[in-house]
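Input: a single structure, listed below in C-alpha coordinates.
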(Lines give C-alpha, C1' and ligand atoms only; values in the text may rest on other atoms or scores of the structure.)
Protein backbone atom coordinates (compact mmCIF):
# COMPACT_ATOMS: atom_id res chain seq x y z
CA UNK A 1 0.00 0.00 0.00
CA UNK A 2 1.43 3.39 -1.04
CA UNK A 3 0.35 6.64 0.59
CA UNK A 4 0.85 9.97 -1.17
CA UNK A 5 1.13 12.69 1.46
CA UNK A 6 1.28 15.66 -0.90
CA UNK A 7 0.03 16.59 -4.33
CA UNK A 8 3.64 17.12 -5.38
CA UNK A 9 4.42 13.45 -4.62
CA UNK A 10 1.49 12.24 -6.72
CA UNK A 11 2.30 14.64 -9.58
CA UNK A 12 5.88 13.32 -9.55
CA UNK A 13 4.59 9.75 -9.86
CA UNK A 14 2.46 10.80 -12.82
CA UNK A 15 5.42 12.65 -14.33
CA UNK A 16 3.71 16.05 -14.49
CA UNK A 17 4.71 19.49 -13.25
CA UNK A 18 3.17 20.83 -10.04
CA UNK A 19 1.95 24.38 -10.69
CA UNK A 20 0.29 24.95 -7.30
CA UNK A 21 1.16 23.19 -4.01
CA UNK A 22 -2.48 22.73 -2.97
CA UNK A 23 -4.30 21.93 -6.21
CA UNK A 24 -3.48 20.14 -9.44
CA UNK A 25 -5.30 19.19 -12.64
CA UNK A 26 -3.75 16.46 -14.76
CA UNK A 27 -4.57 15.30 -18.28
CA UNK A 28 -3.96 11.61 -17.58
CA UNK A 29 -3.39 10.80 -21.25
CA UNK A 30 -0.22 12.93 -21.02
CA UNK A 31 1.08 11.35 -17.83
CA UNK A 32 3.62 8.55 -17.60
CA UNK A 33 2.67 4.95 -18.27
CA UNK A 34 1.43 3.44 -15.01
CA UNK A 35 1.15 0.05 -13.35
CA UNK A 36 -1.80 -0.93 -11.21
CA UNK A 37 -1.35 -0.32 -7.50
CA UNK A 38 -3.37 0.18 -4.36
CA UNK A 39 -2.79 3.55 -2.75
CA UNK A 40 -4.19 6.26 -0.51
CA UNK A 41 -3.86 10.03 -0.70
CA UNK A 42 -3.84 12.65 2.05
CA UNK A 43 -5.89 15.02 -0.12
CA UNK A 44 -9.14 15.05 -2.09
CA UNK A 45 -9.12 13.46 -5.54
CA UNK A 46 -11.61 13.46 -8.41
CA UNK A 47 -10.96 11.20 -11.39
CA UNK A 48 -12.77 11.41 -14.72
CA UNK A 49 -12.00 8.04 -16.26
CA UNK A 50 -12.15 7.78 -20.06
CA UNK A 51 -10.90 4.25 -20.56
CA UNK A 52 -11.64 3.04 -24.07
CA UNK A 53 -13.21 -0.34 -24.85
CA UNK A 54 -14.09 -0.78 -21.20
CA UNK A 55 -17.78 -1.53 -20.75
CA UNK A 56 -18.71 -1.20 -17.12
CA UNK A 57 -21.42 -3.19 -15.33
CA UNK A 58 -23.57 -2.20 -12.34
CA UNK A 59 -25.17 -5.34 -10.87
CA UNK A 60 -26.52 -7.10 -13.96
CA UNK A 61 -27.15 -3.83 -15.80
CA UNK A 62 -24.80 -2.20 -18.30
CA UNK A 63 -24.06 1.46 -17.72
CA UNK A 64 -26.25 3.72 -19.84
CA UNK A 65 -23.63 6.48 -20.02
CA UNK A 66 -20.24 5.36 -21.31
CA UNK A 67 -18.56 8.66 -22.12
CA UNK A 68 -16.87 8.97 -18.74
CA UNK A 69 -17.00 7.80 -15.13
CA UNK A 70 -16.28 10.09 -12.18
CA UNK A 71 -14.89 8.76 -8.90
CA UNK A 72 -14.53 11.14 -5.94
CA UNK A 73 -12.24 10.27 -3.03
CA UNK A 74 -11.75 11.91 0.34
CA UNK A 75 -8.37 11.85 2.13
CA UNK A 76 -7.40 8.40 3.36
CA UNK A 77 -9.62 6.33 1.07
CA UNK A 78 -8.08 3.41 -0.79
CA UNK A 79 -8.15 3.30 -4.59
CA UNK A 80 -6.67 1.03 -7.21
CA UNK A 81 -6.30 -2.70 -7.70
CA UNK A 82 -3.52 -5.18 -7.04
CA UNK A 83 -0.80 -4.87 -9.65
CA UNK A 84 0.18 -7.73 -11.95
CA UNK A 85 3.29 -6.08 -13.37
CA UNK A 86 1.62 -4.80 -16.54
CA UNK A 87 1.66 -1.12 -17.48
CA UNK A 88 -1.00 1.01 -19.15
CA UNK A 89 -1.66 4.57 -20.26
CA UNK A 90 -4.33 6.26 -18.10
CA UNK A 91 -7.06 8.18 -19.91
CA UNK A 92 -9.16 11.06 -18.65
CA UNK A 93 -8.52 13.72 -16.02
CA UNK A 94 -7.44 13.95 -12.42
CA UNK A 95 -8.22 16.83 -10.05
CA UNK A 96 -6.47 16.88 -6.69
CA UNK A 97 -6.85 19.45 -3.92
CA UNK A 98 -5.62 19.71 -0.35
CA UNK A 99 -8.02 20.45 2.52
CA UNK A 100 -5.87 23.51 3.33
CA UNK A 101 -7.00 25.05 0.04
CA UNK A 102 -10.62 25.28 1.18
CA UNK A 103 -10.22 25.98 4.91
CA UNK A 104 -12.01 29.21 5.80
CA UNK A 105 -14.01 29.27 2.56
CA UNK A 106 -17.67 28.57 1.87
CA UNK A 107 -16.67 25.30 0.24
CA UNK A 108 -14.72 24.30 3.34
CA UNK A 109 -17.90 24.70 5.38
CA UNK A 110 -19.94 22.66 2.85
CA UNK A 111 -17.50 19.92 1.85
CA UNK A 112 -19.06 17.30 4.15
CA UNK A 113 -22.41 17.84 2.40
CA UNK A 114 -21.03 16.16 -0.73
CA UNK A 115 -21.61 12.56 0.33
CA UNK A 116 -20.23 11.22 -2.94
CA UNK A 117 -16.68 11.65 -1.60
CA UNK A 118 -17.37 8.56 0.51
CA UNK A 119 -19.16 6.48 -2.12
CA UNK A 120 -17.51 3.25 -3.21
CA UNK A 121 -15.85 3.01 -6.63
CA UNK A 122 -18.71 0.80 -7.90
CA UNK A 123 -21.05 3.72 -7.14
CA UNK A 124 -19.22 6.04 -9.53
CA UNK A 125 -20.95 8.85 -11.40
CA UNK A 126 -21.53 8.10 -15.09
CA UNK A 127 -21.76 11.10 -17.37
CA UNK A 128 -23.62 11.77 -20.57
CA UNK A 129 -21.63 13.52 -23.30
CA UNK A 130 -23.17 16.89 -22.41
CA UNK A 131 -22.45 16.37 -18.71
CA UNK A 132 -18.88 15.47 -19.52
CA UNK A 133 -18.47 18.72 -21.47
CA UNK A 134 -19.77 20.67 -18.46
CA UNK A 135 -17.40 18.79 -16.14
CA UNK A 136 -14.35 19.45 -18.33
CA UNK A 137 -15.43 23.08 -18.70
CA UNK A 138 -15.26 23.46 -14.91
CA UNK A 139 -11.81 21.86 -14.91
CA UNK A 140 -10.69 24.42 -17.49
CA UNK A 141 -11.89 27.29 -15.29
CA UNK A 142 -9.91 25.92 -12.35
CA UNK A 143 -6.85 25.32 -14.52
CA UNK A 144 -6.96 28.88 -15.84
CA UNK A 145 -6.81 30.18 -12.29
CA UNK A 146 -4.01 27.75 -11.37
CA UNK A 147 -1.96 29.10 -14.28
CA UNK A 148 -2.54 32.66 -13.04
CA UNK A 149 0.15 33.99 -10.75
CA UNK A 150 -0.84 33.45 -7.10
CA UNK A 151 -2.33 36.53 -5.42
CA UNK A 152 -4.78 37.27 -2.60
CA UNK A 153 -7.77 36.26 -4.76
CA UNK A 154 -6.35 32.90 -5.93
CA UNK A 155 -7.60 30.76 -3.05
CA UNK A 156 -11.08 32.28 -3.08
CA UNK A 157 -11.53 31.93 -6.84
CA UNK A 158 -10.20 28.36 -7.05
CA UNK A 159 -12.42 27.31 -4.13
CA UNK A 160 -15.41 28.95 -5.82
CA UNK A 161 -14.78 27.10 -9.09
CA UNK A 162 -14.31 23.85 -7.17
CA UNK A 163 -17.66 24.45 -5.49
CA UNK A 164 -19.33 24.92 -8.88
CA UNK A 165 -17.84 21.64 -10.13
CA UNK A 166 -19.02 19.76 -7.01
CA UNK A 167 -22.51 21.26 -7.31
CA UNK A 168 -22.67 19.96 -10.88
CA UNK A 169 -21.54 16.53 -9.63
CA UNK A 170 -24.39 16.61 -7.12
CA UNK A 171 -26.85 17.50 -9.89
CA UNK A 172 -25.55 14.67 -12.07
CA UNK A 173 -25.81 12.19 -9.20
CA UNK A 174 -29.41 13.28 -8.63
CA UNK A 175 -30.07 12.57 -12.31
CA UNK A 176 -28.37 9.19 -12.02
CA UNK A 177 -30.61 8.20 -9.11
CA UNK A 178 -33.66 9.08 -11.23
CA UNK A 179 -32.56 7.38 -14.47
CA UNK A 180 -31.73 4.12 -12.66
CA UNK A 181 -35.23 3.69 -11.32
CA UNK A 182 -35.34 -0.06 -11.99
CA UNK A 183 -32.09 -0.68 -10.13
CA UNK A 184 -33.22 1.56 -7.26
CA UNK A 185 -36.55 -0.28 -7.02
CA UNK A 186 -34.69 -3.60 -6.83
CA UNK A 187 -32.59 -2.26 -3.95
CA UNK A 188 -35.73 -1.12 -2.12
CA UNK A 189 -37.34 -4.55 -2.51
CA UNK A 190 -34.19 -6.25 -1.24
CA UNK A 191 -33.99 -3.84 1.72
CA UNK A 192 -37.61 -4.57 2.71
CA UNK A 193 -37.00 -8.33 2.48
CA UNK A 194 -33.79 -7.97 4.46
CA UNK A 195 -35.64 -6.28 7.33
CA UNK A 196 -38.60 -8.66 7.21
CA UNK A 197 -36.28 -11.66 7.44
CA UNK A 198 -34.26 -10.02 10.22
CA UNK A 199 -37.25 -9.70 12.52
CA UNK A 200 -38.71 -13.12 11.65
CA UNK A 201 -35.85 -15.07 13.18
CA UNK A 202 -33.58 -14.59 16.18
CA UNK A 203 -31.24 -12.11 14.48
CA UNK A 204 -32.47 -9.13 16.48
CA UNK A 205 -32.30 -11.07 19.77
CA UNK A 206 -28.78 -12.32 19.05
CA UNK A 207 -27.29 -9.31 17.25
CA UNK A 208 -29.27 -6.28 18.41
CA UNK A 209 -31.12 -3.68 16.39
CA UNK A 210 -30.34 -3.56 12.66
CA UNK A 211 -28.18 -0.63 11.62
CA UNK A 212 -27.87 1.35 8.40
CA UNK A 213 -24.23 0.25 8.07
CA UNK A 214 -25.27 -3.42 8.32
CA UNK A 215 -28.08 -3.04 5.76
CA UNK A 216 -25.85 -1.14 3.31
CA UNK A 217 -23.15 -3.81 3.63
CA UNK A 218 -25.68 -6.59 2.98
CA UNK A 219 -26.80 -4.73 -0.16
CA UNK A 220 -23.17 -4.14 -1.27
CA UNK A 221 -23.51 -0.35 -1.04
CA UNK A 222 -21.77 2.34 0.97
CA UNK A 223 -23.89 3.80 3.76
CA UNK A 224 -23.88 7.31 2.24
CA UNK A 225 -24.87 6.14 -1.26
CA UNK A 226 -27.60 3.96 0.23
CA UNK A 227 -28.92 6.88 2.26
CA UNK A 228 -28.89 9.31 -0.66
CA UNK A 229 -30.56 6.77 -2.95
CA UNK A 230 -33.45 6.13 -0.54
CA UNK A 231 -33.88 9.83 0.16
CA UNK A 232 -34.31 10.48 -3.58
CA UNK A 233 -36.48 7.41 -4.15
CA UNK A 234 -38.93 7.47 -1.21
CA UNK A 235 -38.16 10.65 0.74
CA UNK A 236 -37.05 8.67 3.80
CA UNK A 237 -33.68 7.72 5.23
CA UNK A 238 -32.68 4.09 5.81
CA UNK A 239 -32.95 4.79 9.54
CA UNK A 240 -36.54 5.99 9.06
CA UNK A 241 -37.44 2.73 7.32
CA UNK A 242 -35.67 0.61 9.94
CA UNK A 243 -37.63 2.44 12.65
CA UNK A 244 -40.90 1.73 10.82
CA UNK A 245 -40.09 -1.99 10.77
CA UNK A 246 -39.13 -1.98 14.45
CA UNK A 247 -42.36 -0.16 15.31
CA UNK A 248 -44.46 -2.54 13.24
CA UNK A 249 -42.87 -5.58 14.89
CA UNK A 250 -43.30 -3.98 18.33
CA UNK A 251 -46.99 -3.22 17.76
CA UNK A 252 -47.62 -6.79 16.59
CA UNK A 253 -45.94 -8.21 19.69
CA UNK A 254 -47.68 -5.81 22.08
CA UNK A 255 -51.09 -6.61 20.61
CA UNK A 256 -51.10 -9.96 22.43
CA UNK A 257 -50.25 -10.98 25.99
CA UNK A 258 -47.91 -13.88 25.21
CA UNK A 259 -44.72 -12.05 26.24
CA UNK A 260 -43.76 -9.42 28.78
CA UNK A 261 -42.59 -6.00 27.67
CA UNK A 262 -39.04 -6.93 28.69
CA UNK A 263 -39.19 -10.09 26.58
CA UNK A 264 -40.47 -8.12 23.59
CA UNK A 265 -37.71 -5.56 24.07
CA UNK A 266 -35.09 -8.32 24.09
CA UNK A 267 -36.55 -10.07 21.03
CA UNK A 268 -36.41 -6.84 19.01
CA UNK A 269 -32.75 -6.23 19.86
CA UNK A 270 -32.98 -3.39 22.37
CA UNK A 271 -30.11 -3.43 24.86
CA UNK A 272 -32.32 -2.27 27.75
CA UNK A 273 -36.13 -2.29 28.24
CA UNK A 274 -36.10 1.43 29.07
CA UNK A 275 -34.64 2.12 25.60
CA UNK A 276 -37.56 0.21 24.09
CA UNK A 277 -40.04 2.19 26.22
CA UNK A 278 -38.51 5.50 25.15
CA UNK A 279 -38.61 4.45 21.50
CA UNK A 280 -42.31 3.52 21.65
CA UNK A 281 -43.21 6.67 23.58
CA UNK A 282 -41.43 8.82 21.00
CA UNK A 283 -43.00 7.06 18.01
CA UNK A 284 -46.64 6.72 19.12
CA UNK A 285 -46.97 9.04 22.11
CA UNK A 286 -47.68 6.36 24.73
CA UNK A 287 -45.78 3.74 26.69
CA UNK A 288 -45.76 0.07 25.64
CA UNK A 289 -48.05 -0.74 28.57
CA UNK A 290 -50.50 2.00 27.57
CA UNK A 291 -50.52 0.80 23.95
CA UNK A 292 -51.09 -2.79 25.03
CA UNK A 293 -53.96 -1.77 27.29
CA UNK A 294 -55.52 0.23 24.45
CA UNK A 295 -55.51 -2.87 22.21
CA UNK A 296 -57.50 -4.88 24.77
CA UNK A 297 -60.27 -2.32 25.16
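The values are calculated or read from the model by the stated rules, or taken from the named source; none is laboratory data. Because the structure is predicted, anything quoted here is derived from the model rather than measured. As a convention, Cβ positions derive from the backbone with ideal geometry for all residues, glycine included, and neighbour counts pool all protein chains shown.
Where helices (runs of 4 or more DSSP H) sit wholly within region 85-155, those with at least 2 residues that are touching a strand residue (DSSP E or B) at 6+ places or on another chain (Cβ under 8 Å) and more than 15 Å from residue 49 (Cβ to Cβ) occupy 99-102, 129-147. Looking only at residues in region 43-74 that are touching a helix residue (DSSP H, G or I) at 6+ places or on another chain (Cβ under 7 Å), on the phi < 0 side of the Ramachandran plot and assigned to a loop (DSSP other than H, G, I, E, B), the one that is modelled with the lowest pLDDT is 64. Among the residues of region 280-294, those that are assigned to a helix (DSSP H, G or I) and farther than 15 Å from residue 252 by Cα comprise 281, 282.
Please find, among 208, 201, 163, the residue that is more than 15 Å from the chain's Cα centre (by Cα) and on the phi > 0 side of the Ramachandran plot. Please lay out each step first, then the result.
Numbers: 201 fails: on the phi > 0 side of the Ramachandran plot; 163 fails: on the phi > 0 side of the Ramachandran plot.
Within the list 208, 201, 163, the selection yields 208.
Selection of region 86-109 for residues being farther than 19 Å from residue 14 by Cβ and out of contact with any helix residue (DSSP H, G or I) (no Cβ under 7 Å at 6 or more places or on another chain) yields 99, 100, 103, 104, 109.
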